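Enquirer: I am attaching a structure below and will ask some questions about it afterwards.
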Amino acid sequence: MQPDPYAPMPAAIVDVFAETPNIKTFRLRPEAPVPFRAGQFVELSVPGLGEAPFTPSSAPSVADTMEITIMRVGLVTERLHALKPGAVVGVRGPLGKPYPLEAMRGREVLVVGGGVGLAPLRALLFALFEDVTAYRKIILRYGARTPSDLVYRGALDDLWGMADAVDAMLTVDRRDDGWTGHEGVVTTILEPGRLTCDARNGVAVVCGPPIMMKFTTVKLLDLGYAPDRIYLSMEKNMSCGIGKCGHCRLGAYYACQDGPVFTFDKVQGLSRIWD
Amino acid sequence: MIRKQVTRQALDAWVDGLIAAGRVVGAQKKGGRYAFDDLRRAADLCLDYDVTILPPKKYFLPPKEDILRFSDGRYESVSDAAPFTLLGVHPYDMAAIAQMDKLFAQDNRDEHYLARREQATVVVCDIERMSPNIFAASVGTATAADGCDALITRVGRAYVIESHTAKGERLLAGLAGAPDADAVTLARREQLWEDNARLMSRRELRVEPRRLPRLLEDAYDHPVWEEKASQCFACGSCNLVCPTCYCFDVQDDVEWDPSRGVRRRVWDGCMLTDFATVAGKHNFRKNRADRYRHRYYRKGKYVPEKIGDFSCVGCGRCVSACVARIADPVEVYNRIAEVQ
């Protein structure tokens with residue numbers, strides 16, 4: 001048989017980092033490099049349980065390992081969370097279309113994340129950092145429910161050594177005793193006074209829970225961002241990852257093949273995109 | 001192109017020869033209905049059936065198919081694709097196979113489907129008897145469709161057998177001694193095609209399929225979805241019998257040692273409640289009306305926009321299979337066209 005697009009390759013888990021009570025980052029070493037670009041996803045297999053799609057959160061330029069940040073929500077993720085370094089999973093990819101870095105060059109890039117949605121955005125940030133002068137400005141706005149739900153918390157202060165290059169602000173929906181930062185949903189740090197942006201020429205990249213993407217998109221449109229420069233992650237119900245099984249149908253598109261990143265103008269006419 | 005004219009007796013002798021040489025699947029009588037199954041003898045081959053219970057897609061996309069075997073973290077592709085001849089496929093089912101060929105080869109090649117497809121020699125037979133719900137002529141699939149390897153047409157007491165591909169020519173090798181079809185018979189065959197096209201438009205789609213993508217675009221809130229779906233049992237029968245439904249789910253099955261097992265794909269259906277359910281039990285299409293509409297959008301808009309073909313081939317199986325009697329594409333699409 002020709003190369004089988006359904007066949008995963010073994011990937012050893014070399015490290016596991018607990019991010020939050022229900023989110024972990026796994027560093028994998030696939031048997032052969034999986035040269036993904038920021039925004040593309042892979043299918044992770046747990047033999048006996050099945051596959052689920054995840055977007056790597058590590059720097060795309062690092063070829064021999066990749067990191068994937070995973071929230072525990074279902075069967076496959078429950079099992080993944082129980083795995084320790086040394087365990088072997090299956091990886092298949094890269095799949096889908098990457099963030100169009102070319103379309104971002106010369107522009108201001110506003111990155112808005114919610115909860116575990118910062119994971120694919122971290123891969124994007126790393127890609128932007130590699131050629132940081134090519135972009136007019138990089139802005140990060142990130143929010144989570146509580147301080148303990150923020151991922152990559154240890155790196156959020158110095159932003160992986162790139163804090164000087166990024167206009168960053170964090171928020172939590174509900175503060176705890178140790179939190180001295182902003183309190184409020186993520187759209188509250190997109191308000192004038194907390195955000196200076198070039199909406200007319202800039203691009204905005206959003207990833208987070210559907211409800212967060214919905215209100216963020218409304219806010220971005222209000223600010224003046226063009227629908228075709230608002231990038232959204234629409235990873236709903238992806239299964240086979242190669243546009244065959246029929247599950248991730250999104251209007252005329254397959255999320256797995258035509259996305260998972262779509263500009264808002266492509267999906268705004270479809271119903272229930274925020275479900 | 002080889003074009004022979006044979007009696008039923010000679011046709012049966014040829015088919016028995018094919019059966020002796022390898023696997024042959026053909027339409028056969030099953031109870032009071034018809035089904036594709038392995039042929040043991042030519043006498044069981046039924047070329048005057050009205051419609052089979054299931055379309056022949058089951059030979060290219062089996063209801064359950066092992067695609068990978070895993071053991072200690074390694075995955076290996078498996079396929080049991082082997083040569084076979086598929087005899088007596090109606091033109092509408094051939095049109096459906098041709099669509100699946102495009103969908104499974106486009107962008108990412110699905111080697112499991114394609115391996116089975118490449119091993120098959122498909123012989124179409126023109127329709128001798130119409131099922132009550134057929135509307136193939138309305139969608140252009142009443143007569144011989146592109147993509148078959150050979151075509152059989154009954155003309156009076158004779159059968160014209162014609163090769164369309166090199167595979168078909170090899171299949172017809174056993175008919176070398178038979179006479180070539182004569183001009184009178186071929187003219188009658190032309191007439192039969194015209195008659196078939198006329199007869200199979202009695203149930204008529206009153207809208208050109210190529211207009212449907214545009215019409216559906218404005219029909220998202222049409223009352224027909226809620227009206228029909230309110231009686232839907234979400235049983236998935238319409239998906240099961242549809243020659244162009246190919247959605248699948250992928251499941252792992254382990255042996256006593258859970259590190260070993262198979263990954264298998266099984267038919268899924270967009271009308272089933274859990275089709276759009278994901279981790280955490282969230283269902284993106286939990287209303288029946290959403291699922292019902294999805295099916296008609298897929299046939300009338302999404303797939304046509306992808307491959308250029310209207311994705312309903314007019315076999316009428318869904319109409320017959322639906323216990324709630326709500327699955328008639330003719331009625332639904334005519335309603336959509338009516339208002340606009």
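Enquirer: Against the condition out of contact with any Leu (no Cβ under 8 Å at 6 or more places or on another chain) and open to solvent by 10 Å² or more (accessible area, probe 1.4 Å), how does A:G269 come out, does it pass?
Expert: Yes: the conditions hold for A:G269.
Enquirer: So, one more: From the list A:G208, A:G243, A:G193, A:G224, which one is among the small types (G, A, S), within 30 Å of B:V266 (Cα to Cα) and either crowded, with 16+ Cβ neighbours inside 10 Å or away from every other protein chain (no Cβ under 14 Å) (or both)?
Expert: Residue meeting the stated conditions: A:G243.
Enquirer: Going through the range B:75-91 one residue at a time, which ones are open to solvent by 30 Å² or more (accessible area, probe 1.4 Å) and either part of a helix (DSSP H, G or I) or away from chain A (no Cβ under 14 Å) (or both)?
Expert: B:P83
Enquirer: Limited to the range B:55-74, what total is found for residues that are within 13 Å of another protein chain (Cβ to nearest Cβ), in contact with a Ser or Thr (Cβ under 9 Å, 6 or more places away or on another chain) and either outside any strand (DSSP E or B) or open to solvent by 30 Å² or more (accessible area, probe 1.4 Å) (or both)?
Expert: 5
Enquirer: Now a separate question. When you scan the range B:1-50 for strands (runs of 3 or more DSSP E) that lie fully inside it, which ones turn up with 3 or more residues that are under 24 Å from B:T185 (Cβ atoms) and either among the aromatic types (F, W, Y) or touching a Phe, Trp or Tyr at 6+ places or on another chain (Cβ under 9 Å) (or both)?
Expert: B:3-6
Enquirer: Pairs under 6 Å by beta carbon, first residue facing chain B (nearest Cβ under 10 Å) in the range A:264-275, partner in a loop (DSSP other than H, G, I, E, B) and open to solvent by less than 60 Å² (accessible area, probe 1.4 Å), six or more apart or different chains?
Expert: Listed by first residue and then by second, the contacts come to A:L270/A:G251; A:D275/B:F284.
Enquirer: Among the strands (runs of 3 or more DSSP E) confined wholly to the range A:1-54, which include 1 or more residues that are away from chain B (no Cβ under 12 Å) and open to solvent by less than 30 Å² (accessible area, probe 1.4 Å)?
Expert: It comes to A:9-20, A:23-30, A:41-46.
Here's the yes/no breakdown for (1) within 13 Å of B:V313 (Cα to Cα); (2) open to solvent by less than 10 Å² (accessible area, probe 1.4 Å):
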{"residue": "B:D93", "(1), (2)": "yes, yes"}
{"residue": "B:R116", "(1), (2)": "no, no"}
{"residue": "B:V124", "(1), (2)": "no, yes"}
{"residue": "B:I152", "(1), (2)": "no, yes"}
{"residue": "B:G156", "(1), (2)": "no, no"}
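Enquirer: Something else now. For residues that are more than 9 Å from chain A (Cβ to nearest Cβ) and out of contact with any Pro (no Cβ under 8 Å at 6 or more places or on another chain), scanning just the range B:247-270, find the one that is surrounded by the most Cβ atoms within 10 Å (Cβ to Cβ).
Expert: Among residues in the range B:247-270 that are more than 9 Å from chain A (Cβ to nearest Cβ) and out of contact with any Pro (no Cβ under 8 Å at 6 or more places or on another chain), the one surrounded by the most Cβ atoms within 10 Å (Cβ to Cβ) is B:G269.
The values are calculated or read from the model by the stated rules, or taken from the named source; none is laboratory data. Predicted, not measured: the structure shown is a model, and the values here were computed from it. For neighbour counting, all protein chains shown are included, and Cβ atoms are generated from backbone atoms with ideal geometry for every residue, glycine included. Calculation scope for accessible area: heavy atoms of the full protein, side chains included, ligands and nucleic acids excluded. Shrake-Rupley method; radii C 1.70, N 1.55, O 1.52, S 1.80 Å.
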